[in-house]
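The values are calculated or read from the model by the stated rules, or taken from the named source; none is laboratory data. Just so you know, these numbers come straight off a predicted model, no measurement behind them. Neighbour counts run over all protein chains shown; Cβ positions are idealised from the backbone, glycine included.
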Amino acid sequence: MLQQLLARLPQDNQTASADAAVLMAMTREDIPRLILTQRAAHLNSHASEVAFPGGKRDKTDSSLIYTALREAQEEIALNPQDVDVVGELGIFTSRVGVKVKPIIGLLDNMPTLTASPDEIDSIFTVPLDVFLQQKPNYQHKIKYMGLSIPVPSFNYQGYVIWGLTGFMIVEFMRRVYDADIDWRWPNPLKR
């Protein structure tokens with residue numbers, strides 16, 4: 001069923017203009033689970049924030065798909081061969097101007113994952129139906145281009161999922177599940 005829904009994702013060839021990639025990895029189950037991380041508290045950037053595994057593209061990376069898979073292997077020990085890459089979302093621009101490409105990947109089984117202590121404090125999964133049942137709140141705001149922008153935020157088992165990760169989840173749920181989730185202007189998705 002999820003595979004059929006994912007066919008709704010547009011084919012996008014904007015990958016050359018992105019600076020970074022993240023892996024939106026989820027299980028192939030009746031109720032798919034999305035893998036998320038909590039970044040290490042000691043990091044200089046985005047410390048303790050919830051994020052998808054991913055990072056900046058290296059000059060030696062052959063593609064942004066490769067970047068997302070490489071970063072997921074480094075951060076959570078996810079074997080790239082366990083991931084069936086099935087799609088991508090458009091490019092999102094972070095509040096500091098980094099252009100990020102979400103890559104969608106499916107896992108037949110939930111592998112044993114190990115957090116790299118240099119980058120990740122914890123790894124957790126969220127059933128996708130949580131994002132269908134729980135409307136995001138917009139209590140968090142970011143400064144972007146001189147504006148104070150409300151960003152989607154979800155709470156799950158003590159984790160706060162917000163910011164660019166929240167925007168990516170909302171866009172995924174809207175495109176794949178036709179979820180009626182409110183966007184707050186401006187949309188950081190560059191089409």
Checklist entry - Does any residue of the stretch 25-39 turn out to be modelled with pLDDT under 95, touching a strand residue (DSSP E or B) at 6+ places or on another chain (Cβ under 9 Å) and of a type in the set (Gly, Ala, Ser)? => result no
Next on the checklist: For the stretch 44-54, which positions are out of contact with any Pro (no Cβ under 8 Å at 6 or more places or on another chain) and either in a loop (DSSP other than H, G, I, E, B) or modelled with pLDDT under 95 (or both)?
Outcome noted: ASN44, SER45, HIS46, ALA47, SER48, GLU49, PRO53
Item to check | Test set (1) at pLDDT below 95; (2) assigned to a helix (DSSP H, G or I); (3) crowded, with 18+ Cβ neighbours inside 10 Å - VAL151 fails condition number | outcome: (2)
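Looking only at the stretch 117-133, which residues are outside any strand (DSSP E or B) and either touching a His at 6+ places or on another chain (Cβ under 7 Å) or crowded, with 16+ Cβ neighbours inside 10 Å (or both)?
So the first thing to find is which residues in the stretch 117-133 are outside any strand (DSSP E or B), and the list is 117-119, 128-133.
Passing the criteria: GLU119, LEU128, VAL130, PHE131.
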Next on the checklist: If I filter the stretch 132-152 for residues that are touching a helix residue (DSSP H, G or I) at 6+ places or on another chain (Cβ under 8 Å) and either farther than 21 Å from SER48 by Cβ or among the charged types (D, E, K, R) (or both), do I get at least one hit?
Outcome noted: yes
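So is VAL96 outside any strand (DSSP E or B), within 23 Å of ALA18 (Cβ to Cβ) and either over 16 Å from the mean Cα position of the chain (by Cα) or at pLDDT below 90 (or both) or not?
Values: outside any strand (DSSP E or B): yes; within 23 Å of ALA18 (Cβ to Cβ): yes; either over 16 Å from the mean Cα position of the chain (by Cα) or at pLDDT below 90 (or both): yes.
Taking the combined requirement at face value, the residue satisfies it.
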Checklist entry - Does ALA179 satisfy the condition of being more than 14 Å from the chain's Cα centre (by Cα), modelled with pLDDT of 95 or more and either part of a helix (DSSP H, G or I) or not basic (Lys, Arg) (or both)? => result no
